[in-house]
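Everything on this sheet refers to the single structure shown next.
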Amino acid sequence: MQGLAQGLAQGLAQGLAPSPTPARDVDYLPILDAFLADETFRTELKDRLGLSGEQVSRLRAVAREETSSLRKAAVESDAMAALTRAEERIIAIIGAPLTAQLYALARERWNDDEARGANERGSSAPGVTPVVATTSGAALPNAIPADTRIVINAPAYRMDIFENGRLVKSYQIGIGYPEFPLPVGMRTANAIIFNPTWTPPDEPWVESPTSKVKIGRKVAAGSSLNPLGLIKVPIGSPSLIHGGKPPAKLGGFASHGCVGLTNAQVIDLSKRLAQLGGVEITDNQIAKYRQNRAETKNIALRQPIPVGLRYETIVVEDGKLRLYRDVYERGTNTEENLQNVLGAYGLSLENLGESERAQVMVALDRMGRNASGVKVPAAAPALSADGDAGQSPNAASSKHHKEGSASRRVTRQIKGEKEMVVEIAALAGKGYSAPVELDTGKYPRAATATARKQK
């Protein structure tokens, strides 16, 4: 059977028929989940496919449940089982012919959204030429989204908020340890939770001879043992965006698979996210939530916000070529990937000047190493679920993750440089947007007292 489960990720991103080869990145389900959360898409299913309201509700439940199962999958076989189960459940609800039509409609919706954004947006900033997805839906590296969403690029330790294709805010972040990496693909933010509780997962790192928390035993909101800080934003299990991190953790490893911010940063994020999601969070509300840290408050967003998780180690940004350390050992800093990025801007290595080419090759070698400085073998490129050029973990990365999951040891520091920047004349005025109002989580001395009060 030609698989929706095996081909939807690549098909949606590339505008192609389902592939007979299982996608290496199995994060396609959140795409379908996000579409089914959209009322207009659900209406299309009823009007064009003749589905009943009950069938659409059941499809939405399947997408939500199997997306959750997929994210909890410990090994690849568990993930593929979730994909196969999702397809079987969808066919059981609407039959194989309508399942094929569902896929075609989702692909059409993806392509229409990308084409409309490319036609309407234009440049995201004066003097900068963005790269967007083509009207066929094919992904391009460093793509600027056409819609409203959060974009997180793990190796750049950066999170951006886009509103209708315009970058409005940037944050420096802490990312998951290499043994507990951030995933790649699409997620969705549906709620902002103030004063969250924390239930320690069943992982070896949770308990130690000196640990004061126990696996499965809930830690109260506001407790000094609760690592989530003032606010968490769920983006699909097991990942969160949350506060509670000291400024020193930003720009480095900081969590077991989450995006870490200071409490001051996450307060700012919550207000912006609420506004984009159709609700309001006032300073007075936040003050009340901070005064009563024992009370958890869940604020649902009226419009869910897509969250694109990327792993791009070669980025053209505002006219400069930036190469980031391959901290998750995904084999991304290769000459092939470099040529793909340059090709998106009509260039190749051969077009560069001799000095530029030499600098780029040095950077490629030095950034093609893991956090400990060990050379990472190349991995074949794969597409992430949001259409971004990304990588599935290679064997070394997967082994690293399994070893970390089975012990309490994590890689906390990066030995050497985290990034290298090469000026290339032909890239002037091109690329992904430079940070806007970058919040590094670090404050001048005059603002230190105020910042501490927000922790």
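Can you give the net charge of the other residues whose Cβ lies under 11 Å from the Cβ of G431, counting K and R as +1 and D and E as -1?
With Lys, Arg at +1 and Asp, Glu at -1, the neighbours total +1.
Compute the distance in nm between two label points, each set 7 Å from the Cα along the Cα-to-Cβ direction, one at E39 and one at K218.
3.2
Express the relative contact order of segment 186-302 as a whole percentage, based on alpha carbon pairs under 8 Å and six or more residues apart in sequence.
Over segment 186-302, the number comes to 30 percent.
Bear in mind that the values in this text are calculations on the coordinates, not laboratory data. Since we're looking at a predicted model, the values are computed, not measured. So basically every Cβ, Gly included, is an ideal-geometry build from the backbone, and we count neighbours across all protein chains shown.
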